[in-house]
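K.L.:
Provided herewith is a single structure, encoded as structure tokens, for subsequent inquiry.
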Ligand code: NAD
Ligand code: USQ
């Protein structure tokens, strides 16, 4: 199958492009390399030394004999370039990763808020409009986020996108319906993903497009079977206060002797998925398109939930690292319950890889191998959600929650 991977130079996009190519698909990556530019803006780098795109692609060819094409394209700004690419490639599927994906980065300043909204919403609308204008039947697979639901769900399992509701009509009679689960984003970034949902619902209804939206949890891990084939294929590993995600950050912190930075009490419960399962889910989604003129297929792409403090305790027990509860720079509930339905992808064949010591050790080994590339000054989370959050977000605070 011919597949376009938009944002294929990124943390999830690169291993996905390799997996799809390894499975025999004809893959073209389009990326504007904005993530590499943001590294320069922030003065930090992936912990792992990622090769430049030409080196990545020639390594893939020399190791496997397979070719992946690369197009340097800003899909949010260059609509005509995107439309031409779709018309030229005639892809059966397009996987859309190409958005600014850090919540802290999206909250740094009004410039960062505006960039995130402008980039993400234009990117998604351009993809949808270009597929319609092309007249082609292209299945769009988008990476959304669990964060569109918010994390407040006492007593309710979060369904896969749609909520069954009973409304009362004007005569007082009950009417059963299904609605998009009400969004409750916790950052400007998460808000753009909520807007994406509406764009998808609209274009599916109006133009009959085939769309799959994968509401993904926090991705942990860094390597997949394909990225380990050669050092030049190594994947990105973010650890800094803006792009590093919590579990990967804790593993790097442990490797470099930095205390594990738990925000507040650490009672925040979040959904997680290992990178190799993320790649597998995308493969499954690509192979199982919804019918034309059906509603958007929404899957919760996650395999387990954990409290932040429990992850810190697990890693501390494994490595001896100190746990430090720091003031939370975010505006988020200190504690929440989270139960999530994920039968959709499991019924398509996903066998979840859950958090286990062997996998954590494997990532710790990578973190140790590249520890000398870590700049400890880039570890603290200094992006504040509100001016009320101002204060020292690196100093210890008193509030603690017992580990489970
Ligand atoms: P990433 O920042 O590593 O990769 C995104 C890629 O898209 C980068 O290579 C970037 O250069 C490119 N890009 C951004 N804007 C673009 C534009 N306008 N035109 C062309 N290319 C553009 O992010 P990631 O971690 O790989 O995430 C990929 C997707 O998965 C994102 O949409 C993100 O919201 C979603 N997601 C990620 C996680 C996670 O934990 N990493 C979890 C849930 C959902
Ligand atoms: N946290 C800490 N200590 C840290 C870093 C984070 O306690 O050093 C806490 C945060 O306060 C938050 C939780 O850990 O409560 C998760 O933070 P995160 O940075 O790991 O994840 P988040 O900002 O939610 O974003 C990541 C990805 C994003 C994706 C999202 C999925 O960057 O692209 O959409 O995970 S989800 O969280 O399910 O919405």
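K.L.:
Show log10 I(q)/I(0) for segment 2-378 at q = 0.12 Å⁻¹, two decimals, from a solvent-free Debye sum over equal Cα scatterers.
P.N.:
With one equal scatterer per Cα and no solvent, log10 I(q)/I(0) is -0.91.
K.L.:
Counting DSSP beta bridges with both partners in the chain, what percentage is antiparallel, nearest 5?
P.N.:
Counting only bridges with both partners in the chain, antiparallel ones make up about 25 percent.
K.L.:
Where both residues lie in segment 47-198, what percent of DSSP beta bridges are antiparallel, nearest 5?
P.N.:
The antiparallel fraction comes to roughly 65 percent.
K.L.:
Right, another one. Evaluate the Kirkwood expression for the hydrodynamic radius of segment 10-146, namely the inverse of the mean inverse distance over all pairs of different C-alpha atoms, and round to one decimal in Å.
P.N.:
The Cα-based Kirkwood calculation yields 16.1 Å.
K.L.:
Would you mind telling me which residue in 239, 115, 79 has the biggest mean-square fluctuation in a Gaussian network model of the chain, where springs connect alpha carbons within a distance under 10 angstrom?
P.N.:
Greatest mean-square fluctuation among the candidates belongs to 115.
K.L.:
Express the Stokes-Einstein translational diffusion coefficient of segment 213-296 in µm² s⁻¹, to the nearest whole number, given a Kirkwood radius over alpha-carbon pairs, 37 °C and a viscosity of 0.692 mPa s.
P.N.:
214 µm²/s
K.L.:
Taking Cα pairs under 8 Å and at least six residues apart, what relative contact order does the chain come out at, in percent?
P.N.:
20 percent
K.L.:
Using Cβ counts within 10 Å as a stand-in for footprinting exposure, how do 385, 14 rank, fewest first?
P.N.:
So the ranking, lowest neighbour count to highest, is 385, 14.
K.L.:
If we count other beta carbons within 10 Å of each Cβ, what is the order of 72, 190, fewest first?
P.N.:
By the 10 Å Cβ count, ascending: 72, 190.
K.L.:
For each of 162, 203, 243, count neighbouring Cβ atoms within 10 Å of the residue's Cβ, then give the residues from fewest to most.
P.N.:
Exposure proxy ranking, most exposed first: 162, 203, 243.
K.L.:
Here's a follow-up. Compare 264, 43, 241 in a GNM of the chain, Cα atoms joined below 10 Å, and give the one with the largest fluctuation.
P.N.:
Of 264, 43, 241, the most mobile in the Gaussian network model is 43.
K.L.:
Oh, and also: Using 0.36 nm per residue, how much length does the chain from residue 202 to residue 177 gain when fully extended, once their Cα-Cα distance is taken away?
P.N.:
Full extension from residue 202 to residue 177 adds 7.2 nm.
K.L.:
For n ≥ 4 DSSP H runs only, could you compute -39500 (n - 2.57) per run for the chain, divide by its residues and tell me the 222 nm figure to the nearest 500?
P.N.:
After summing the helix terms and dividing by residue count, I get -11500 deg cm²/dmol.
K.L.:
Something else: Taking the Cα centre of each part, how many Å lie between segment 323-363 and segment 105-175?
P.N.:
21 Å
K.L.:
With a ≥ b ≥ c the root eigenvalues of the C-alpha gyration tensor of segment 58-128, is it rounded (a/c under 1.5), prolate (a/b larger than b/c) or oblate?
P.N.:
Taking the square roots of the gyration eigenvalues as a ≥ b ≥ c, segment 58-128 is oblate.
No value in this document is a laboratory result; all are computed from the given coordinates. Because the structure is a prediction, the values reported are computed rather than measured. In this analysis, Cβ positions are derived from the backbone assuming ideal geometry, glycine residues included, and neighbour counts consider all displayed protein chains.
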